[in-house]
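Visitor: Mind having a look at this structure? Questions to follow.
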Ligand code: 3PG
């Protein structure tokens, strides 16, 4: 039970040694600027620990989903700039991943220095978990540290194959994430409530299925709720709807009726013609106008969810309740974030959009037990799946 991940200490004396540090610096960009630098900040403690130990730190990450060749829209250059600002030191960046530029940046790093490789996904070998590509990455370093919690669910070369080629350890961020999330999987204090949102129900159904019989309460909002509402027989107008998932949602409703979980769906929603509409109106779920779409949960739903969270002893929340980037549709996400923050037990915010929402809404991160840096990774973790990036670190 639980994970036993070797930490940085297990690597011994790092003075002058070259460390390949896999981080998750996959930040949201808007017009070439970093919209939320949470993941860059989250990478700092491990970088600082390695530099203070005298290591030569070569950081690598993916950004977005380029298709295996260089694409300037996904360059890590803005991240190198931000990293340098936050570390208050220069961070030379390679113009390639494992080519001449990477070798020369690596070779030029002094003890205690930090460099960055270009986006790993500019190389086709990355997502293919290719051995040869992993070997070229491994040649740049003496040891490997994985601190990219957000990517541990990917069997990609920089997360998986490379760890088999070098002495390896988990970074402090990965270890902290895993220690908290292990508590959700193993004997959570009850009641255990899970709040799910976000756009795509097809992304979330596996975790919903895994939570049946494990979580006590399941609260569903966000774009994904409309396929559930359709499964309940409501007309959802122009709201997001995944027709081909309606039957699967019906199965979940039946499981809830059979007592496997207390499932709560919205009773009211905020609707408008488009997200740019600043005149949202709130309607009960049986009155969604045919020419409008739901973009947030309504106030009655927010109150209902808050009530279900009030006495919970363990809470996991992943996915915004609405299109919080637009002011008229942020009330639901704010209400849920505040309700999660008020719970007295263990409260965990699953990364990605929900973590970005917490920061965008100005809710202090320390009001939660833990704000994860992993979106998909934290979901797969609480599903109880074996994650390739963690499994490989446990191999000795
Ligand atoms: C994330 O944003 O969840 C991680 O960085 C993983 O990104 P990916 O879904 O593109 O693999």
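The values are calculated or read from the model by the stated rules, or taken from the named source; none is laboratory data. None of the values given here were measured: they were computed from a predicted structure. All Cβ positions, glycine included, derive from the backbone under ideal geometry; neighbour counts span all protein chains shown.
Visitor: Scan 161, 155, 151, 215 and give me the residue that is crowded, with 19+ Cβ neighbours inside 10 Å and touching a helix residue (DSSP H, G or I) at 6+ places or on another chain (Cβ under 6 Å).
Guide: Details: 155 fails: crowded, with 19+ Cβ neighbours inside 10 Å; 151 fails: touching a helix residue (DSSP H, G or I) at 6+ places or on another chain (Cβ under 6 Å); 215 fails: touching a helix residue (DSSP H, G or I) at 6+ places or on another chain (Cβ under 6 Å).
Step by step, each of 161, 155, 151, 215 is checked, and only 161 is crowded, with 19+ Cβ neighbours inside 10 Å and touching a helix residue (DSSP H, G or I) at 6+ places or on another chain (Cβ under 6 Å).
Visitor: Also, I was wondering about something else. So, of the residues in the range 140-157 that are in contact (Cβ under 8 Å) with a residue 40 or more places away in the chain and more than 11 Å from the ligand (Cβ to nearest atom), which turns out to be nearest to residue 105 (Cα to Cα)? Show your work before the answer.
Guide: Taking the range 140-157 first, the residues in contact (Cβ under 8 Å) with a residue 40 or more places away in the chain are 140-156.
Okay, now just the ones that are also more than 11 Å from the ligand (Cβ to nearest atom), so 140-147.
Numbers: 140: 10, 141: 12, 142: 15, 143: 17, 144: 17, 145: 18, 146: 20, 147: 21 Å.
Top of the filtered list is 140.
Visitor: Something else about it: Taking helices (runs of 4 or more DSSP H) that fall entirely within the range 265-378, which contain at least 3 residues that are within 20 Å of residue 41 (Cβ to Cβ)?
Guide: Numbers: elements: 299-310, 331-342, 352-360.
Result: 352-360.
Visitor: I'm trying to understand the selection: among the residues of the range 346-359, which are farther than 22 Å from residue 201 by Cβ, in contact (Cβ under 8 Å) with a residue 24 or more places away in the chain and within 16 Å of the ligand (Cβ to nearest atom)? Spell out the reasoning first.
Guide: Restricting attention to the range 346-359, the residues satisfying the condition of being farther than 22 Å from residue 201 by Cβ are 346-347, 358-359.
Okay, now just the ones that are also in contact (Cβ under 8 Å) with a residue 24 or more places away in the chain, so 346-347, 359.
Residue satisfying the conditions is 359 alone.
Visitor: Considering only the range 284-303, I want to know if a residue exists there that is modelled with pLDDT under 95 and out of contact with any helix residue (DSSP H, G or I) (no Cβ under 7 Å at 6 or more places or on another chain).
Guide: So the first thing to find is which residues in the range 284-303 are modelled with pLDDT under 95, and the list is none.
No: zero hits.
Visitor: May I ask you to verify whether residue 259 is at positive phi and free of Cβ contacts under 8 Å to residues at least 24 places away in the same chain? Don't jump to the end; show me each part of the working.
Guide: Values: at positive phi: yes; free of Cβ contacts under 8 Å to residues at least 24 places away in the same chain: yes.
So residue 259 fits the description; yes.
Visitor: So, one more: Do we find that residue 313 is at pLDDT below 95, within 23 Å of residue 189 (Cα to Cα) and either surrounded by fewer than 21 Cβ atoms within 10 Å (Cβ to Cβ) or more than 14 Å from the ligand (Cβ to nearest atom) (or both) in this structure? Working first, answer last.
Guide: Working: at pLDDT below 95: no; within 23 Å of residue 189 (Cα to Cα): yes; either surrounded by fewer than 21 Cβ atoms within 10 Å (Cβ to Cβ) or more than 14 Å from the ligand (Cβ to nearest atom) (or both): yes.
It is false that residue 313 is at pLDDT below 95, within 23 Å of residue 189 (Cα to Cα) and either surrounded by fewer than 21 Cβ atoms within 10 Å (Cβ to Cβ) or more than 14 Å from the ligand (Cβ to nearest atom) (or both).
Visitor: Between 234, 228, which is in a helix (DSSP H, G or I) and either modelled with pLDDT of 95 or more or within 20 Å of residue 320 (Cα to Cα) (or both)? Full working, then the answer.
Guide: Numbers: 234 fails: in a helix (DSSP H, G or I).
Residue meeting the stated conditions: 228.
Visitor: OK, next. State all residues of the range 7-32 that are under 21 Å from residue 79 (Cβ atoms) and surrounded by 12 or more Cβ atoms within 10 Å (Cβ to Cβ); if no residue qualifies, say none. Step through it out loud before you land on a result.
Guide: Let us first name the residues in the range 7-32 that are under 21 Å from residue 79 (Cβ atoms), namely 18-32.
Hits for the range 7-32 are 18, 19, 20, 21, 22, 23, 24, 25, 26, 27, 28, 29.
Visitor: Oh, and also: Considering each of 394, 327 in turn, give the residue that is away from the ligand (no atom under 16 Å from the Cβ), out of contact with any helix residue (DSSP H, G or I) (no Cβ under 9 Å at 6 or more places or on another chain) and within 30 Å of residue 162 (Cα to Cα). Step through it out loud before you land on a result.
Guide: On the way: 327 fails: within 30 Å of residue 162 (Cα to Cα).
Answer to the check: 394.
Yes/no per residue for (1) buried (at least 17 other Cβ atoms within 10 Å of the Cβ); (2) in contact (Cβ under 8 Å) with a residue 60 or more places away in the chain:
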position: 174; (1), (2): yes, yes
position: 191; (1), (2): yes, yes
position: 225; (1), (2): yes, yes
position: 229; (1), (2): yes, no
position: 237; (1), (2): yes, no
position: 244; (1), (2): no, no
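Visitor: I need the full set of residues from the range 366-379 which are within 15 Å of the ligand (Cβ to nearest atom) and either closer than 23 Å to residue 168 by Cα or over 15 Å from the mean Cα position of the chain (by Cα) (or both), in order please. Step through it out loud before you land on a result.
Guide: First, the residues of the range 366-379 that are within 15 Å of the ligand (Cβ to nearest atom): 371-379.
Once the filter is applied, which keeps residues that are within 15 Å of the ligand (Cβ to nearest atom) and either closer than 23 Å to residue 168 by Cα or over 15 Å from the mean Cα position of the chain (by Cα) (or both), the range 366-379 yields 372, 373, 374, 377, 378.
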